[in-house]
Amino acid sequence: MKKWNVASVRSAKGVERLGCCTAYDSCFARLADEAGVPIILVGDSQGMNALGYDTTLPVNMSDTLAAVGAVSRSVKNAMVVGDMPFGSYQCGDDEAMENAVAIIKAGADAVKLEGGASVCNLIKRMTTAGIPVLAHVGMTPQSVNEYGGFKKQGKTREAAERVLGDAKAVEAAGAFAVTLECIPSELAAEITAALKIVTVGIGAGPVCDAQWLVMHDLLGLNEHTPSFVKKYADLASVVRSAFSAYVNEVKKGEFPR
């Protein structure tokens, strides 16, 4: 299998749709890589899926660097994208640059940050410095307090124009791809057609150039998942049964023999 990078992701637009996912540790990153996942996102979604938080907001740079290191050391072909956690780039461009450099040094091939026109100057500075950026517009989970919950964005024409404008702005700023999260599929199709860079949808319909799914959702490890998720396995029941069998065999003296 080929090693995925910025150039190969760019060249996939209109040629090959990419099924991408998150991973936060060595074991699952290796399995995803062996299965041919082209882009692995070390997302701040680890907050809810691995660290026990209710939102992404408590995730910090230490959490991110540890997870990026574990994932990047375990893959051979996938492109590893490190999510910049809340507070790591809202604090000023100089500190944001230091944090982005730290994520790359930890092993990521690129960084991801949320926002449209408001972060374009930072995207330009990062890409000029040789740090590839995957942008993120639409519903941005780090703005959950502003939204009052995880709510679909771009539902009115005025709101859709803002999302479209943000997508065009991050492309002009130098992002090699952009996540479109929780927006109407018609708007995602419009943006995908308007941009030369790859669009990666999550809850944005089937027309995007690529798709994200949270690893725990697609593997059936989470009890509650968004409506757009397809579970490709039911690992929760398998794992629960294995734990239960182990506990019972120890209790009965059947293990170890």
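Every number here is computed from the coordinates shown, using simple stated rules; none is lab data. Worth saying up front: this structure is predicted, and the values here are computed from it rather than measured. All Cβ positions, even for glycine, are placed from backbone atoms using ideal geometry, and neighbour counts span all protein chains on display.
Calculated from DSSP H runs of 4 or more alone, at -39500 (n - 2.57) each and per residue, what is the 222 nm mean residue ellipticity of the chain, nearest 500?
After summing the helix terms and dividing by residue count, I get -12000 deg cm²/dmol.
Between TYR53 and residues 5 or more places away or on another chain, which pairs have amide H atoms under 5 Å apart, with H built 1.01 Å from N, and which residues are they?
The list, which skips near neighbours in sequence, is MET48.
Would you work out the charge dipole size for the range 6-218 about its Cα centre, treating the Cβ of every Lys and Arg as +1 and the Cβ of every Asp and Glu as -1, and quote it to the nearest 20 debye?
Here the range 6-218 has a charge dipole of around 460 debye.
How far, in nm, would the chain grow between SER244 and GLU95 when pulled straight, counting 0.36 nm per residue and subtracting the alpha carbon separation?
48.9 nm
So what's the angle, to the nearest 10 degrees on a 0 to 90 scale, between helix 235-252 and the longest Cα principal axis of the chain?
That helix lies at roughly 20 degrees to the long axis.
Quick one: order LYS13, LYS252 by neighbouring beta-carbon count within 10 Å, fewest to most.
Listed from fewest to most nearby Cβ atoms, that is LYS252, LYS13.
Which percent, nearest 5, of DSSP beta bridges in the chain are antiparallel?
Roughly 5 percent of the beta bridges in the chain run antiparallel, per DSSP.
What is the sum of charges around LEU235, taking Lys and Arg as +1, Asp and Glu as -1, for the other residues whose C-beta is under 13 Å from the C-beta of LEU235?
Net charge around LEU235: -1.
Tell me, what is a quarter of the convex hull surface for the C-alpha atoms of the range 2-113, in nm² with one decimal?
Over all viewing directions, the range 2-113 projects a mean Cα-hull area of 7.1 nm².
Collect residues whose amide H, placed 1.01 Å from N in the peptide plane, falls under 5 Å from the amide H of ILE39; neighbours closer than 5 in sequence don't count.
Placed amide hydrogens put CYS21, MET79 under 5 Å from ILE39.
How much net charge surrounds ALA96 when only other residues with a Cβ under 14 Å from its Cβ are counted (Lys, Arg +1; Asp, Glu -1)?
Value of the local net charge: -3.
To one decimal place, what orientation-averaged projected area in nm² is obtained for the convex hull of the Cα set of the range 91-154?
Value for the range 91-154: 4.8 nm².
Ordered by residue, what ³J(HN,Hα) values in Hz, to whole numbers, does the range 91-106 give under the Karplus form 6.51 cos²θ - 1.76 cosθ + 1.60, where θ = phi - 60° and Gly and Pro are x?
With the stated coefficients, the range 91-106 comes to 8, x, 5, 5, 5, 4, 4, 4, 5, 5, 4, 4, 5, 5, 4, 6 Hz.
Let me know the longest stretch in the chain that avoids all GluC sites (Glu not before Pro) found in a DSSP loop with at most 13 other C-beta atoms within 10 Å.
17-222
How tilted is helix 61-72 with respect to the longest principal axis of the chain? Cα atoms for both, answer in degrees (0 to 90, nearest 10).
Value to nearest ten degrees: 70.
Sort out for me the Cα centre separation of the range 130-147 from the range 18-41, rounded to whole Å.
The range 130-147 and the range 18-41 have Cα centres spaced 21 Å from each other.
Cβ under 12 Å from LYS3's Cβ, LYS3 left aside: what net charge do those residues give with Lys, Arg +1 and Asp, Glu -1?
That sum, taken over residues with Cβ under 12 Å, equals 0.
Counting pairwise Cα distances across the range 6-218, what percent come out greater than 27 angstrom?
23 percent
With every atom except the alpha carbons ignored, what do you get for Rg and Dmax of the range 177-253, in angstroms?
Taking only Cα atoms of the range 177-253, I get Rg and Dmax of 18.7, 65 Å.
Using only Cα atoms, tell me the angle between helix 185-194 and the longest principal axis of the chain; keep it within 0 to 90° and round to the nearest 10.
The angle comes out near 50 degrees.
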